[in-house]
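Here is the structure we will look at, set down as structure tokens.
The values are calculated or read from the model by the stated rules, or taken from the named source; none is laboratory data. Please read these numbers as outputs of a predicted model, since none were measured by experiment. Positions of Cβ are backbone-derived with ideal geometry, glycine not excepted, and every protein chain shown enters the neighbour counts. For the accessible areas, the whole protein counts, side chains as well, though only heavy atoms, and no ligand, DNA or RNA atoms are used. Shrake-Rupley method; radii C 1.70, N 1.55, O 1.52, S 1.80 Å.
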Amino acid sequence: MVDDPRSFAIAMLEKLYVELAKFPGVATKNDHYLALSYAVRDRLLHRWVTSARSIFERKQRTVVYLSAEYLIGPQLGSNIQALGIEETVREALTELGISLDDLLEHEEEPGLGNGGLGRLAACFMDSLATLGIAAVGHGLRYEFGIFDQDIRDGWQVEHTDRWLRHGFPWEIRRYDVEHTIGFGGHTEHGTHGVRWIPERFVKGVPYDIPIAGYGTPTTNFLRLWSAVAAEEFDLGAFQVGEYWRAVDGKIRSENLTKVVYPNDASPPGKQLRLEQQYFFVSCALQDCIRLLLLGGATVHELPQTIAVQLNDTHPTLAIPELMRLLMDVHGLGWDEAWKITHETFSYTNHTLLPEALETWPLPLVKRLLPRHLEIIFEINRRFIDEVRTRFPGDDARVRRMSLIGEDGDKTVRMAHLATVASHHINGVAALHSKLLRETVLRDFAELWPERFTNVTNGVTPRRFVALANPRLASLIDDAIGEQWVRDLDRLRDLEKLADDAAFCAKWRDVKLANKAALASHLGNAFDPEAMLDTQCKRIHEYKRQHLNLIHAIVLWQRLVRGDDSDVPRTILLAGKAAPGYFAAKLIIRLAHGVAEAIANDPRTRDRLRVVFFPDFNVKSAQRIYPAADLSEQISTAGMEASGTGNMKFTLNGALTIGTLDGANVEIRARVGAEHFFLFGLTADEVLERKRRGYYPRDVLARDEELRAAIDLIAGGAFSRGDRAMFAPLVADLVERDPFLVLADFRAYADAQEDVAVAWRSPASWVKSSILNVARAGYFSSDRSIREYAQTIWNVRQS
């Protein structure tokens with residue numbers, strides 16, 4: 001396709017006419033956005049068709065990535081970037097009197113995920129395409145996403161995320177493909193095998209989103225499944241006046257793909273989550289087998305054709321579903337079906353928190369998926385026989401390893417099922433993988449040590465540096481060339497410039513300009529000259545946003561006393577709390593209470609600010625990462641699997657204050673201990689402190705500043721005099737402190753004093769910032785994907 005500015009302008013106008021039936025003069029900003037997106041999509045689809053044909057004809061082994069979420073972010077800018085046509089598009093739009101930046105700002109963020117898990121999946125899809133590895137990501141097409149976060153009187157309020165209301169031009173509905181998914185019913189066992197008779201059926205229909213590689217013709221795709229009723233309208237019920245029953249099946253079926261992670265506090269919520277998980281993996285596997293047979297192969301060749309990666313435990317029902325399809329539909333025996341299943345699947349674990357390791361009530365699984373429970377029981381029987389053979393007489397080990405949990409109500413343990421069936425199990429940071437082998441999956445690692453490995457997470461530099469931080473990207477391009485965008489190790493060439501005064505001045509100017517842009521976006525909420533101290537991630541007690549806030553209170557009180565030893569500082573927080581997670585919502589309320597108290601104090605507000613950026617998502621993250629001076633990675637050691645926000649901040653020149661948790665360990669090792677502000681108990685020390693008995697009141701008794709801060713929270717200083725508001729938070733800290741916030745506070749405060757000392761030396765700070773970026777090349781998702789390809793999937797990049 002010809003891509004000079006005039007030709008592109010004509011192509012965009014053509015889309016305005018024939019796709020939207022609009023013309024200049026009446027077209028809205030959304031019309032212009034859609035027309036531009038369709039013109040860009042045309043160019044993507046040419047590459048996509050070429051890639052798909054090549055994969056189909058060469059029978060290239062394809063990675064099938066199963067993930068409950070893909071936080072892909074706005075697509076227009078990233079697709080223009082991947083095609084290398086930004087200059088052309090800008091000139092074409094200028095000719096039409098349209099601003100590209102206005103259209104980029106207008107774009108709605110796809111509501112296809114929640115947090116780090118979904119963003120990692122999106123980074124991996126970007127890198128798979130960029131490296132030329134054939135891949136399809138399967139997931140769910142959520143109609144209303146997670147939620148939009150609003151703040152009212154300091155409290156989080158959730159609103160429906162209507163991300164599809166203005167149209168989503170990047171998806172293509174495949175009307176010729178649909179799969180039938182059953183639920184409930186019973187099984188019949190006969191001489192010719194087992195037959196599952198479901199009680200009800202749902203249809204799965206696919207929507208494809210192209211994922212373009214950068215600097216390569218490879219274009220893969222996400223295939224997201226939407227649920228529709230097997231029979232959308234009951235005409236008989238309608239004709240007799242039962243209008244609700246006429247559409248009941250449609251409503252019930254479509255609920256499957258309404259929202260990300262429906263609240264599972266109630267039995268219906270639990271059932272809906274389980275239905276979601278089974279629905280998308282069944283659609284994915286049926287589709288993989290359909291394409292396999294279409295290409296002339298047989299199900300016996302499945303492991304040679306696809307490598308299926310389970311992104312955490314949400315897709316684990318793919319294991320019994322593949323066994324069911326192979327045995328009940330395609331007639332294979334157990335042993336051959338199990339061999340194919342084992343050779344096909346690998347599993348990535350993303351958490352060490354026991355409550356996050358999915359289990360499902362056994363009665364629910366039996367009622368919803370009776371055939372799958374039979375298969376799980378048989379997998380478990382054979383597995384337990386193997387355990388008893390290897391460890392005779394060790395009944396305690398058998399109970400720990402069983403796929404069926406029997407402590408209290410019986411449950412199906414999804415992490416155990418994924419581990420038993422997969423040929424590889426990986427953690428996502430060196431420390432996480434070590435703890436995985438030593439704690440939650442220790443018994444399995446002792447049984448099959450060869451299956452366990454580590455692949456440290458990474459992030460795409462295309463979105464999170466080149467696209468999010470064009471000022472920095474341009475400076476790096478001028479200094480070392482443009483190749484770093486595809487080969488992040490080339491950033492090492494920046495080291496030689498860390499002592500170059502002229503380059504350091506430009507680096508400082510870039511950071512200041514980014515901070516000014518963020519401050520302006522937030523209504524001039526802070527002084528760009530002050531240190532921007534940022535903590536932006538999902539709100540959770542183990543991530544310890546309240547540790548940050550307690551320190552902010554201490555800084556405020558020091559300023560009130562006339563102690564100005566700290567530097568001018570803006571503490572910026574962003575993140576969402578799960579709708580049912582009251583403690584996390586209380587932390588958000590505390591953040592706003594502290595921000596209000598400081599802002600209303602004329603003695604301190606010019607030197608200290610607390611700002612909360614609402615509705616944190618990929619789009620807002622792209623504003624924050626480039627502006628940050630200090631990155632807060634302060635989770636309780638041993639509880640964060642990896643983190644990727646830490647990598648994004650580092651790649652944008654922020655220095656880190658953090659614990660030895662997740663990928664922080666590797667970031668510190670690579671950028672240098674002298675460029676990282678370390679504090680806190682280690683993972684081993686956390687366990688030892690809890691084992692010996694931890695009494696948070698003793699910590700308070702020894703630390704006057706900490707005690708005073710807690711007293712202010714309890715006394716209503718940040719709740720307009722309401723002592724009851726934060727009573728649950730205070731009681732949990734004082735009586736239990738399960739995440740050792742108080743235990744780590746003094747070390748954290750001391751490390752923050754080191755931060756202040758470093759900030760007072762601008763030249764030294766800028767040098768550390770440059771070296772952080774220069775030494776962070778390892779944390780590219782391209783490197784992660786190469787490791788998966790070589791050690792787990794056995795696929796080659798083109």
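Which strands (runs of 3 or more DSSP E) sit wholly inside the stretch 72-179 and have at least 1 residues that are open to solvent by 10 Å² or more (accessible area, probe 1.4 Å) and basic (Lys, Arg)?
In the stretch 72-179, the matching strands (runs of 3 or more DSSP E) lie at 148-152.
Sort out which residues of the stretch 421-447 are surrounded by 16 or more Cβ atoms within 10 Å (Cβ to Cβ) and not in a helix (DSSP H, G or I), and write them in order of number.
If the condition is that a residue be surrounded by 16 or more Cβ atoms within 10 Å (Cβ to Cβ) and not in a helix (DSSP H, G or I), then Ser422, His423, His424, Ile425, Asn426, Gly427, Val428, Ala429, Val440, Leu441 are the ones that fit.
Go through the stretch 787-798 and give me each residue that's outside any helix (DSSP H, G or I), open to solvent by 60 Å² or more (accessible area, probe 1.4 Å) and on the phi < 0 side of the Ramachandran plot.
Scanning the stretch 787-798 gives Arg796, Gln797, Ser798.
Identify, from the list Arg451, Arg442, the residue that is under 30 Å from Arg388 (Cβ atoms) and free of Cβ contacts under 8 Å to residues at least 12 places away in the same chain.
Arg442
Quick one: would you say Lys59 is open to solvent by 40 Å² or more (accessible area, probe 1.4 Å) and closer than 30 Å to Ile319 by Cα?
Taking the combined requirement at face value, the residue satisfies it.
Condition test on Lys496, is it more than 26 Å from Thr644 (Cα to Cα) and of a type in the set (D, E, K, R)?
Criteria met by Lys496.
Are any residues in the stretch 244-277 in a helix (DSSP H, G or I), hydroxyl-bearing (Ser, Thr, Tyr) and touching a helix residue (DSSP H, G or I) at 6+ places or on another chain (Cβ under 9 Å), and if so, which ones?
Once the filter is applied, which keeps residues that are in a helix (DSSP H, G or I), hydroxyl-bearing (Ser, Thr, Tyr) and touching a helix residue (DSSP H, G or I) at 6+ places or on another chain (Cβ under 9 Å), the stretch 244-277 yields only Thr257.
Are any residues in the stretch 580-609 open to solvent by 30 Å² or more (accessible area, probe 1.4 Å), farther than 23 Å from Pro528 by Cβ and either part of a helix (DSSP H, G or I) or of a type in the set (A, V, I, L, M) (or both), and if so, which ones?
Of everything in the stretch 580-609, those that are open to solvent by 30 Å² or more (accessible area, probe 1.4 Å), farther than 23 Å from Pro528 by Cβ and either part of a helix (DSSP H, G or I) or of a type in the set (A, V, I, L, M) (or both) turn out to be Phe582, Lys585.
Of the conditions (1) outside any loop (DSSP other than H, G, I, E, B); (2) of a type outside the set (Val, Ile, Thr); (3) open to solvent by less than 30 Å² (accessible area, probe 1.4 Å), Ala577 clears all except one; give me its number.
Condition (1) is where Ala577 drops out.
Considering only the stretch 748-786, how many residues are open to solvent by 20 Å² or more (accessible area, probe 1.4 Å) and part of a loop (DSSP other than H, G, I, E, B)?
Residues in the stretch 748-786 being open to solvent by 20 Å² or more (accessible area, probe 1.4 Å) and part of a loop (DSSP other than H, G, I, E, B): 3 in total.
Arg400: more than 28 Å from the chain's Cα centre (by Cα) and either modelled with pLDDT under 95 or of a type in the set (D, E, K, R) (or both), yes or no?
Spelling it out, Arg400 is indeed more than 28 Å from the chain's Cα centre (by Cα) and either modelled with pLDDT under 95 or of a type in the set (D, E, K, R) (or both).
Regarding Ala724, is this residue over 25 Å from the mean Cα position of the chain (by Cα), open to solvent by less than 30 Å² (accessible area, probe 1.4 Å) and modelled with pLDDT of 95 or more?
no
So the check is Cβ under 6 Å with 6+ separation or different chains; which pairs have a first residue in the stretch 580-599 that's without any contact (Cβ under 8 Å) to a residue 12 or more places away in the chain and a second one that's surrounded by fewer than 17 Cβ atoms within 10 Å (Cβ to Cβ) and outside any helix (DSSP H, G or I)?
Every condition considered, the pairs that remain are Ala599/Arg605.
Those residues that are touching a residue at least 60 places away in the same chain (Cβ under 8 Å) and basic (Lys, Arg), I need them from the stretch 737-760; list them, please.
Across the stretch 737-760, the qualifying residue is only Arg760.
Results for (1) open to solvent by less than 40 Å² (accessible area, probe 1.4 Å); (2) free of Cβ contacts under 8 Å to residues at least 40 places away in the same chain, shown as yes or no for each residue.
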{"residue": "Tyr261", "(1), (2)": "no, no"}
{"residue": "Asp264", "(1), (2)": "no, yes"}
{"residue": "Cys283", "(1), (2)": "yes, no"}
{"residue": "Asp287", "(1), (2)": "yes, no"}
{"residue": "Ala297", "(1), (2)": "yes, no"}
